[in-house]
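**Q** Dumping the structure here so I can ask a few things about it.
The values are calculated or read from the model by the stated rules, or taken from the named source; none is laboratory data. Please read these numbers as outputs of a predicted model, since none were measured by experiment. All Cβ positions, even for glycine, are placed from backbone atoms using ideal geometry, and neighbour counts span all protein chains on display.
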């Protein structure tokens, strides 16, 4: 049976996270806190609900993508909603979020769980997960851990290509200035 035909999915799809009368919605907060567009945050929220579906039905431990994990973390801060409405009324189970204990064994365990989550997603929903929200296990656990969150008010962020270009431009400017001093007198 397709996930979409289940009562659990219907409840998840209809569920609005947070207070129903909030002027600043969960999805808006998710977008703001992650510097995402409203459309991307809405997609991540849908993927978070799909993750919760898998957590209840996959039959094995599941691991979220980083984007889905951001939605889960934010939902946990809406603690009354999460523990008093979402878990008992929608999931009909507790869904705990546990951190890794660290080390190579844990890294391997979460890598494997994430790969299994991606496979279970495709089986449950009849399509592969969107790769802009659910990257490959290699990307999630080998490449992306090198990234980190920064406050853009405190730093200037330049892509590597821009830094290389700036370095080359600065070198050429210095060479031109030096040549001008030597030959221009």
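**Q** If you check residue 74 against the conditions, is it crowded, with 16+ Cβ neighbours inside 10 Å, within 19 Å of the chain's Cα centre (by Cα) and part of a helix (DSSP H, G or I)?
**A** yes
**Q** Next question, about the same structure. Pairs only if they're at least six apart or on different chains, beta carbon under 7 angstrom, first in region 77-93 and more than 21 Å from residue 6 (Cβ to Cβ), second outside any helix (DSSP H, G or I); list them, first residue then second.
**A** 78/17; 78/18; 81/17; 81/18
**Q** Return yes when residue 55 is surrounded by 14 or more Cβ atoms within 10 Å (Cβ to Cβ), closer than 17 Å to residue 119 by Cα and at pLDDT below 95 and no when it is not.
**A** Spelling it out, it is not the case that residue 55 is surrounded by 14 or more Cβ atoms within 10 Å (Cβ to Cβ), closer than 17 Å to residue 119 by Cα and at pLDDT below 95.
**Q** Could you list, in sequence order, all residues of region 12-41 that are part of a helix (DSSP H, G or I) and surrounded by fewer than 16 Cβ atoms within 10 Å (Cβ to Cβ)?
**A** 13, 14, 28, 32, 33, 38, 39
**Q** Considering only region 134-185, state which residues are under 30 Å from residue 112 (Cα atoms) and at pLDDT 75 or above.
**A** Listed by number, the residues that qualify are 134, 135, 136, 137, 138, 139, 140, 141, 142, 143.
**Q** If you don't mind, another one. Filter region 23-39 for residues that are without any contact (Cβ under 8 Å) to a residue 40 or more places away in the chain and either touching a helix residue (DSSP H, G or I) at 6+ places or on another chain (Cβ under 9 Å) or within 18 Å of residue 66 (Cα to Cα) (or both) and give the result.
**A** Residues satisfying the conditions are 24, 27, 28, 31, 32, 34, 36, 37, 38, 39.
**Q** Residue under question is residue 126, and the condition is that it be free of Cβ contacts under 8 Å to residues at least 24 places away in the same chain and either in the same structural domain as residue 45 (by TED's automatic domain parsing) or buried (at least 16 other Cβ atoms within 10 Å of the Cβ) (or both); does it hold?
**A** no
**Q** Go through (1) surrounded by fewer than 19 Cβ atoms within 10 Å (Cβ to Cβ); (2) at pLDDT 95 or above for residue 118 and report which single condition fails.
**A** So the condition that residue 118 fails would be (1).
**Q** Ok, one more. Taking residue 97 as meeting all but one of (1) assigned by TED's automatic domain parsing to the domain that holds residue 73; (2) free of Cβ contacts under 8 Å to residues at least 12 places away in the same chain, write down the number of the exception.
**A** Residue 97 satisfies every listed condition except (2).
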